[in-house]
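Asks: Pasting a structure here, questions to come.
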Amino acid sequence: MPRAPLYPDEFHVYDTTLRDGAQREGVSYSVADKLAVAHLLDDLGVGFIEGGWPGALPKDTEFFARVAAGELRLRTAQLVAFGSTRRADLAAHKDPQVLALLDSMAPVVTLVAKSDRRHIERALRVDVATNLAMISDTVRLLASEGRRVFLDAEHFFDGFAYDPDTALRVLEVAVGSGAEVAVLCDTNGGQLPLQLAETVCEVLTRTGFRVGIHCQDDTGCAVANTLAAVEAGASHVQCTANGYGERAGNADLFAVIGNLVTKLDLPVVPQERLSALSTVSRAIAELANISPDAHQPYVGASAFTHKAGLHASAIVVDPLLYNHISPETVGNTTRVLVTEMAGRASLELKSAELGVDLSGNPAVAGRVARRVKELEARGWSFEAADASLELLLTKELDEDYRPPFEVESYQVVLDHRPDGSVLSQATVSMRVASYQVVATARGSGPVEALDAALRKALAERLPWLADVEMADYKVRNLAGAPGADALARVLVVSRDREREWTTVGVHTSVVEASMLALCDAVAFAALSHGAAQHRALVAQPPR
């Protein structure tokens, strides 16, 4: 039986993307970014959002001030301020850092405290008794001011292995002073699931406290360790979006939520919001200026992608035969790659994905599958070039299909200037229906010049080409047989106001490979604008 929805305090999903996740190399959120990320996480339904360290970082102080001023209204989550216990030589009510936590107006405060005796004595340079007093005074002050307090026991697992009594005394003092959750932190990320679960069980047995878990990913086990802790009894998980964080990162929020809901039957976010998992993951990646990880569990573009023909055949019978869950549950989709491994079933599924029905045309499906295998044996790849594949399908399905234009010849000239700059000029001669069109254009490189010349030649007939742009260009050299010329495979990503598409070209000349991909890009755009547009292009005479 599915479990009933959990009340927010039955299980805590705690996100620390804006603080711990921001420690990832190359990530720097503006205050506006932080507000946008918090809004996305709240919409997803997480219970707690750690906004940063007010008083320590000006950007974080401004973030809390803007939230307090009403710029962010949370529907589900509670905002958390992060900070440390008071200094050894100051009372908590006089410590500026502690007072900044109160000034943040955050209803929840997470305090970090040393729990490893070696860190207490060598890094903090105080004795254990002083460290305990620092924890107790700070927790009591915050609790007396009406704040909920969580304690992050830093380096807990290493400290427990070295001196369990000191590690447990840290938890006992914190909870005894008013902390609601004792969060066990694998700060160095060196734990493995079985070992970590044993420690969590022992802590729960010896204390009876509410325990949380915070895992770094240095062994590649952050998600597994988090789930092991939950199965051992932890009811508070700290994660970051997409696993962002220092070094190897943190436990990935989306993988943890996906596993808690679909594998452990813990409805930790509202059911109607679970399908936003993939969208939120991509949106936060965009705000962090990091390319989404296509192979990320649950939310990656390739998480439910199948390449082998055997998989595709089974998916036709039942999608769950090769998908561990329905991808729509987390807002993702099943994709089928058409490659040399593909059979007819793969092609039929891919065609349906592209909006082309091959179910009643087994002969066409067979011909296209054979054609794909022939081309891929010569270096072509349609995995990432859906637009070129759709053109191939269209040519096989529609006996009356005519290409919108035919390039008869082209020439590219590179002009190397005395100042070191290089200017490219391309001239393209093409036939549109029975008319010949010639156009010349310049660009910073040969591909840009060819792209511009193609557009110029077709601009009068296809005015919407003004909205189409080349978004990305990738080239890969493919080693040929000994003594043979190497092949160049070019992928061109194009986009307009509504969509993005990718085309491929392969040739021993990188310029010719580029031209093939560019021509496919324009032909696909004409095709996607409808048959009427295509016919107009073919029939309209030049001015």
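The values are calculated or read from the model by the stated rules, or taken from the named source; none is laboratory data. These numbers come from a predicted model, not from an experiment. Cβ: placed from backbone, ideal geometry, glycine included. Neighbour counts: every protein chain shown.
Asks: Kindly establish whether Gly189 is of a type in the set (Gly, Ala, Ser), part of a loop (DSSP other than H, G, I, E, B) and farther than 22 Å from Asn225 by Cα.
Replies: The answer is no for Gly189.
Asks: For the range 120-141, which positions are in a helix (DSSP H, G or I) and out of contact with any helix residue (DSSP H, G or I) (no Cβ under 7 Å at 6 or more places or on another chain)?
Replies: The answer is Glu121, Arg122, Ala129, Thr130, Ala133, Met134, Arg140.
Asks: So, one more: When the range 387-424 is examined, which residues are found to be closer than 21 Å to Leu491 by Cβ, among the hydroxyl-bearing types (Ser, Thr, Tyr) and modelled with pLDDT under 90?
Replies: Scanning the range 387-424 gives Ser388, Thr394.
Asks: Test of understanding: among Ala248, Ala197, which residue is modelled with pLDDT of 95 or more, in contact with a helix residue (DSSP H, G or I) (Cβ under 6 Å, 6 or more places away or on another chain) and closer than 30 Å to Ala167 by Cβ?
Replies: Ala197
Asks: Another question, if that's okay. Mind checking which residues of the range 173-189 are on the phi < 0 side of the Ramachandran plot, touching a helix residue (DSSP H, G or I) at 6+ places or on another chain (Cβ under 7 Å) and not β-branched (Val, Ile, Thr)?
Replies: Those that are on the phi < 0 side of the Ramachandran plot, touching a helix residue (DSSP H, G or I) at 6+ places or on another chain (Cβ under 7 Å) and not β-branched (Val, Ile, Thr): Ala174, Ser177, Ala179, Ala182, Leu184, Cys185, Asp186, Asn188.
Asks: Right, something else. Out of (1) within 30 Å of Val128 (Cα to Cα); (2) surrounded by 18 or more Cβ atoms within 10 Å (Cβ to Cβ), the odd one out for Leu90 is which?
Replies: It fails just one condition, (2).
Asks: In the range 1-18, what count of residues is obtained for those that are surrounded by 24 or more Cβ atoms within 10 Å (Cβ to Cβ) and either modelled with pLDDT under 95 or over 17 Å from Ala234 (Cβ atoms) (or both)?
Replies: Qualifying residue count for the region: 2.
Asks: Okay, moving on. Inspect all residues belonging to the range 13-28 and state whether any of them is farther than 20 Å from Ala251 by Cβ and either in contact with a Pro (Cβ under 7 Å, 6 or more places away or on another chain) or among the acidic types (Asp, Glu) (or both).
Replies: Taking every residue of the range 13-28 in turn, none turns out to be farther than 20 Å from Ala251 by Cβ and either in contact with a Pro (Cβ under 7 Å, 6 or more places away or on another chain) or among the acidic types (Asp, Glu) (or both).
Asks: Further question: Please indicate, with yes or no, whether at least one residue in the range 191-204 is under 21 Å from Val80 (Cβ atoms) and surrounded by fewer than 24 Cβ atoms within 10 Å (Cβ to Cβ).
Replies: No; the residues of the range 191-204 include none that is under 21 Å from Val80 (Cβ atoms) and surrounded by fewer than 24 Cβ atoms within 10 Å (Cβ to Cβ).
Asks: In this structure, does Leu79 turn out to be closer than 24 Å to Val223 by Cβ, modelled with pLDDT of 95 or more, of a type outside the set (Asp, Glu) and assigned by TED's automatic domain parsing to the domain that holds Thr130?
Replies: No: the conditions fail for Leu79.
Asks: When only residues in the range 30-74 that are closer than 23 Å to His236 by Cα and small (Gly, Ala, Ser) count, which is surrounded by the fewest Cβ atoms within 10 Å (Cβ to Cβ)?
Replies: Gly45
Asks: If the Cβ limit is 8 Å and pairs must be 6+ apart or interchain, which residue in the range 421-436 that is among the basic types (Lys, Arg) pairs with which residue that is at pLDDT 85 or above and not in a loop (DSSP other than H, G, I, E, B)?
Replies: Arg431/Glu406; Arg431/Glu408; Arg431/Val437
Asks: Let me ask something else about it. Consider the range 28-45. How many of its residues are in a loop (DSSP other than H, G, I, E, B) and touching a residue at least 60 places away in the same chain (Cβ under 8 Å)?
Replies: Total satisfying the criteria: 2.
Asks: Another question, then. So which pairs qualify, if the first residue must be in the range 504-520 and in the same structural domain as Arg476 (by TED's automatic domain parsing), the second must be modelled with pLDDT of 95 or more and of a type in the set (Lys, Arg), the Cβ gap must be under 6 Å, and the two must be at least 6 apart or on different chains?
Replies: none
Asks: Just checking, which of Asp451, Asp472 is closer than 30 Å to Thr334 by Cα, outside any loop (DSSP other than H, G, I, E, B), of a type in the set (Asp, Glu) and within 40 Å of the chain's Cα centre (by Cα)?
Replies: The match here is Asp472.
Asks: On to the next question. Looking at the structure I just gave you, is Gly355 at pLDDT 60 or above, at positive phi, crowded, with 16+ Cβ neighbours inside 10 Å and of a type outside the set (Lys, Arg)?
Replies: Considered against the rule, which asks whether it is at pLDDT 60 or above, at positive phi, crowded, with 16+ Cβ neighbours inside 10 Å and of a type outside the set (Lys, Arg), Gly355 comes out as no.
Asks: On the given criteria, is Gly70 among the small types (Gly, Ala, Ser), over 15 Å from Val31 (Cβ atoms) and at pLDDT below 95?
Replies: No: the conditions fail for Gly70.
Asks: How many residues, within the range 326-352, are at pLDDT 65 or above, surrounded by fewer than 17 Cβ atoms within 10 Å (Cβ to Cβ) and either assigned to a loop (DSSP other than H, G, I, E, B) or in the same structural domain as Ser275 (by TED's automatic domain parsing) (or both)?
Replies: 2
Asks: Turning to a different aspect of this structure: Is there a residue in the range 425-435 that is of a type in the set (D, E, K, R), in the same structural domain as Leu487 (by TED's automatic domain parsing), more than 24 Å from Val506 (Cβ to Cβ) and modelled with pLDDT of 85 or more?
Replies: So far as the range 425-435 goes, no, none of its residues is of a type in the set (D, E, K, R), in the same structural domain as Leu487 (by TED's automatic domain parsing), more than 24 Å from Val506 (Cβ to Cβ) and modelled with pLDDT of 85 or more.
Asks: With (1) part of a loop (DSSP other than H, G, I, E, B); (2) touching a helix residue (DSSP H, G or I) at 6+ places or on another chain (Cβ under 7 Å); (3) of a type in the set (Asp, Glu) as the list, and Glu25 as the residue in question, which single condition is left unmet?
Replies: Exception for Glu25: condition (2).
Asks: Right, here's the next one. Please enumerate the residues belonging to the range 203-234 that are acidic (Asp, Glu) and either in contact with a strand residue (DSSP E or B) (Cβ under 8 Å, 6 or more places away or on another chain) or without any contact (Cβ under 8 Å) to a residue 24 or more places away in the chain (or both).
Replies: Passing the criteria: only Asp217.
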